[in-house]
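The values are calculated or read from the model by the stated rules, or taken from the named source; none is laboratory data. As the structure is a prediction and not an experimental result, all values here were calculated from the model. Every residue, glycine as well, gets a Cβ built from its backbone with ideal geometry; the counts of neighbours run over all protein chains shown.
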Amino acid sequence: MQITKIETSIADSIMPGLLLVRIHTSEGIVGCGETYYAPHAVAAMIHDWMSHYLMGKNPLDIEAHWRFLYERATNFGSRGTELRAISAIDLALWDIFGQATSQPVWQLLGGCVQESIRTYNSCGGPSYGGANAEKKTHTWPGHGSVGNQGPLNDYWSAVNEPVELARLLVSEGYQALKVWTLDFAAHKTNGPLHITHKDITRALEPFQKIRESLGSNIELIIDGHGFFQLAPAIRIAKRLQEYDILWAEDLLRVDCVDTLSDFRDKAGIPVAVSEMFNGPDDYRLALEKRAADFVMIDPTWVGGISQTRNITRLAQFYNVPVVMHDCTGPLTLLSGVHVAASSNNVAWQESLRAHLRILYPQLIDTPVEVEQGRIIIPKIPGLGVAWLPELFTPGTNQYRATELT
């Protein structure tokens, strides 16, 4: 079996930050992959550089391809575009492997440990990662708009009607919700350096109202999007203690593991780090220095399924549970689900109701099943879904293709 063609597509009208990838083989099997952020740069990396190695290779030699591309990219820096490109390729190769053996990916990773994965609802809306009227093609990380009241805009509801939203989520079987209500304070001049108690009170008002009305019937999570430096992050953490949260995620910028460890020592709350990590050494240092109560992984930023599996096992050696990130695409989510299904060290999978019900059905041919707050693992060979073929129509969606000659 040989790799004969690589295709990429950017569906600006649906999720403009998402790169869709398909890898074709000589046996007619097509594997699907993805990554998120700067999709044009990643597409260029795949077609203009990595394809020179991949074309004609056996797609089932996944580890060999991962190591070659990663090691050659480390000659000039591998943690940005290069690692996202490797991630997308890795997903597609695992998808091919599953289809070639008629097995779901989780079976190839060691078999089923859990048949469904507990998921929490991140309170974003359809425009969180999706195209919107104001900014069709670009939003900076951590700068999403609250937006207006509307179908499945859980960001607006979390800010304006948090109790009603929490009750709705509980009725659907969700056991936890996540908000990022501190962002407005970080956007102020020098906001990452100082946050007032007034702004903290405003940011945590949804938690106050939910605890008053629902008690501990739903878990609470907050994401700081890596905005704050140490002193304001500690101030926020102290105020969070009264709400008995499940974890605080990336209150602090993650570019110094020693400071993350210092923060965890002083915070007095469970801490999750970090979807913003991408190199294996980041996770090793965070675990060795006891900087995390939870390890968060984004499969399409760290190096795909191959690296996600490795980091999950590494965290297990330290008895630190893993939580999987997704606000970025259906295959990111499903990659986390496949690794989680084959591990007893993955506690939660992130998901957004707006993505599951509005955006992802416009991209993939099979819906992601959620029942009573748990994602049902796919039984179909490979990743269990495929990109809708019309998204790869030449002349649309900034389509590119590289073929074996």
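Just a few scattered comments:
- Subset of the stretch 1-58 (residues that are assigned to a helix (DSSP H, G or I) and aliphatic (A, V, I, L, M)): 41, 42, 43, 44, 45, 46, 50, 54
Here is a yes/no grid of residues against (1) without any contact (Cβ under 8 Å) to a residue 12 or more places away in the chain; (2) touching a strand residue (DSSP E or B) at 6+ places or on another chain (Cβ under 9 Å):
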| residue | (1), (2) |
| --- | --- |
| 127 | no, no |
| 132 | no, no |
| 140 | yes, no |
| 143 | no, no |
| 149 | yes, no |
| 158 | no, yes |
| 164 | yes, no |
| 167 | no, no |
| 170 | no, no |
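- Filtering 59, 104 for residues that are without any contact (Cβ under 8 Å) to a residue 60 or more places away in the chain and under 29 Å from residue 376 (Cβ atoms) leaves a single hit, 59.
- Residue, farthest from residue 192 (Cα to Cα), within the stretch 223-242, restricted to residues that are part of a helix (DSSP H, G or I) and within 25 Å of the chain's Cα centre (by Cα): 240
- Every pair of residues 6+ apart whose Cβ atoms lie under 9 Å, when the first sits in the stretch 216-236 and is outside the structural domain of residue 350 (by TED's automatic domain parsing) and on the phi > 0 side of the Ramachandran plot while the second is hydrophobic (A, V, I, L, M, F, W, C) and in a helix (DSSP H, G or I): none
- Considering the stretch 264-276, the residues that are in contact with a helix residue (DSSP H, G or I) (Cβ under 6 Å, 6 or more places away or on another chain) and either part of a loop (DSSP other than H, G, I, E, B) or not small (Gly, Ala, Ser) (or both) include one that is surrounded by the most Cβ atoms within 10 Å (Cβ to Cβ), namely 273.
- The sole residue among 67, 79 that is farther than 19 Å from residue 392 by Cα and modelled with pLDDT under 95 is 79.
- Checking the stretch 356-371 against the condition returns no match, with no residue being in contact with a Phe, Trp or Tyr (Cβ under 9 Å, 6 or more places away or on another chain) and either small (Gly, Ala, Ser) or not assigned by TED's automatic domain parsing to the domain that holds residue 287 (or both).
- Segments classed as strands (runs of 3 or more DSSP E), wholly inside the stretch 286-405, with at least 2 members that are modelled with pLDDT of 95 or more and in contact with a Leu (Cβ under 9 Å, 6 or more places away or on another chain): 294-297, 346-351
- First in the stretch 307-329 and of a type in the set (A, V, I, L, M), second anywhere and modelled with pLDDT of 95 or more and part of a loop (DSSP other than H, G, I, E, B), Cβ under 8 Å, 6 or more apart: 315/321; 315/345; 320/292; 320/293; 322/343; 322/345; 324/298
- The one condition in (1) more than 18 Å from the chain's Cα centre (by Cα); (2) not in a helix (DSSP H, G or I) that residue 165 fails to fulfil: (2)
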